[in-house]
1. Which residues, taken from region 295-346, are touching a strand residue (DSSP E or B) at 6+ places or on another chain (Cβ under 6 Å) and part of a loop (DSSP other than H, G, I, E, B)?
2. On the basis of being touching a helix residue (DSSP H, G or I) at 6+ places or on another chain (Cβ under 8 Å) and at pLDDT below 95, does Leu213 make the cut?
3. Aromatic (Phe, Trp, Tyr), farther than 30 Å from Glu390 by Cβ, free of Cβ contacts under 8 Å to residues at least 24 places away in the same chain and assigned by TED's automatic domain parsing to the domain that holds Ile385 - does that describe any residue in region 117-138?
4. Within region 248-281, how many residues are surrounded by fewer than 17 Cβ atoms within 10 Å (Cβ to Cβ) and of a type in the set (S, T, N, Q)?
5. Please state which one of Glu44, Glu25, Glu32 is among the charged types (D, E, K, R) and under 18 Å from the mean Cα position of the chain (by Cα).
6. Determine if region 432-447 includes at least one residue that is modelled with pLDDT of 90 or more, under 29 Å from His188 (Cβ atoms) and either crowded, with 16+ Cβ neighbours inside 10 Å or within 23 Å of the chain's Cα centre (by Cα) (or both).
7. Can you find even one residue in region 400-414 that is crowded, with 21+ Cβ neighbours inside 10 Å and not in a loop (DSSP other than H, G, I, E, B)?
8. Could we say that Asn224 is under 20 Å from Gln347 (Cβ atoms), modelled with pLDDT under 90 and surrounded by fewer than 19 Cβ atoms within 10 Å (Cβ to Cβ) here?
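The values are calculated or read from the model by the stated rules, or taken from the named source; none is laboratory data. These numbers come from a predicted model, not from an experiment. Please note: Cβ atoms are built from the backbone with ideal geometry, for glycine as well, and neighbour counts cover all protein chains shown.
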Amino acid sequence: MSKPHLAFFTPLNPMRTGISDYSEELLPYLGELASIDVVVGPYEPSNPSIRRRFEIIQPEEFQRRRTKYDSVIYQVGNSLPYHGYMVPCMASVPGIVVLHDYSLSYLVLGLTLLRGDFGALRSALDRQFGKRASIVARRLLLSLEDPYELSLAAPMVQMSRGIVVHNAFAWNWLRREFPEARSRLIPHGIAIQELAPPEPAVRRRYGLRPEDLVLASVSTLAYNKRLETVLNCLPALRRRFPNVKLLIVSGGRMGSALQRKIESLRLEGAVIQTGWVPWDEYRVLIRASDVVVNLRYPTAGETSGSALRSMEAGRPLIVSDHGSFREFPDDVCLKVPVDEGEGKAFQRAAETLLGDAELRAHMGAAARQFVCRNLRMEDAAARYIEFANEVSAEPGPALASQFPSARGSAVRRAFFSSVYKACRLRYVCRHYGIADIFQRLTRERHAAGAR
């Protein structure tokens, strides 16, 4: 039996997103089961092994070849710069949409309000909000509604022939809103590597001493990752454990509000931010940590790849007791409530783990065992192919889509776009600080004009 021929849409490195890393881990396993063309945006992928093994094409070439594919898989996340290029192809060639984020707020708002298409946003909200769709759309226009609190995934679901999500939290959310959608829960796979000991040279490179206790945050700097909570607890933790350090492994700039927090708490010597690091260095830094912190609230239904990679590396976790984190066994992590007691609960959890090396070792071993038993990448790849074969055998109708609509006069679109950008200034300033405004909005504006 011949292998199925798939088109696989995804960002790849050098696009700095967790989905790039995930896809570069997944593709070799999928490549054992299918013939795959990888469809990317207008850049050259930097991973030589991916370039050698797979044909890399642009969306225009995909459209010319569209009838040759047995199935199309779109890896979709909440970013206009990384995923906006996929949407015209999703509308014309519906396929399997992998929702790494069930909110998709910034992708959809970028495709609509950032381009002044208020009507398309209102239509996207119709199913979820009915008569209130116009009110919610206006609140999003004015940044009076937190996008993290809503799901704007409806257009992507309606343009699909099948939906994949990576956790039960997102799957239940999807089935409540779209009970008729063909969907599959495929756990987020991890490529299992040999468990190597920490490398002392890595600690030295970042100014860490052998005796230091390292709390590591290995996720993005978005406000919902609760770094402010961690920083607020760090002085008390250092009074009990003077050698504790917070290692922030993340690209991008820390907002000015967090910088001021570090200065006001006199934590300059206790907080180390690496900036973006290559993939191999990222994994080594996880192994160099003692405890990984992965707080997250509100959640958009995403699965934390950084948390799973920390578990694969045998590191204990402190996570929020919310969203997909609730699906982690209690013996691999300590869970912190997201209510007003979050700070005290986090401090207690950190003190418990930092003060007990035996507990850290036990939880880390349990975490690795959980990943090895349940989240192997080869199992995820097999489930992708099984679902792709199912969808191609029974290709139920996808709704015809004109999303985004491109309706309205140029003047009207310019008005809505300007209002949205102005209100976004206030939103970004509130969550990240004034110094971060122009970098973030410039990146969004460039992405909005990319197609």
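1. Correct list: Leu295, Arg296, Tyr297, Ser304, Arg315, Pro316, Asp321, Val338.
2. no
3. yes
4. 2
5. One residue alone meets the criteria, Glu25.
6. no
7. no
8. Spelling it out, Asn224 is indeed under 20 Å from Gln347 (Cβ atoms), modelled with pLDDT under 90 and surrounded by fewer than 19 Cβ atoms within 10 Å (Cβ to Cβ).
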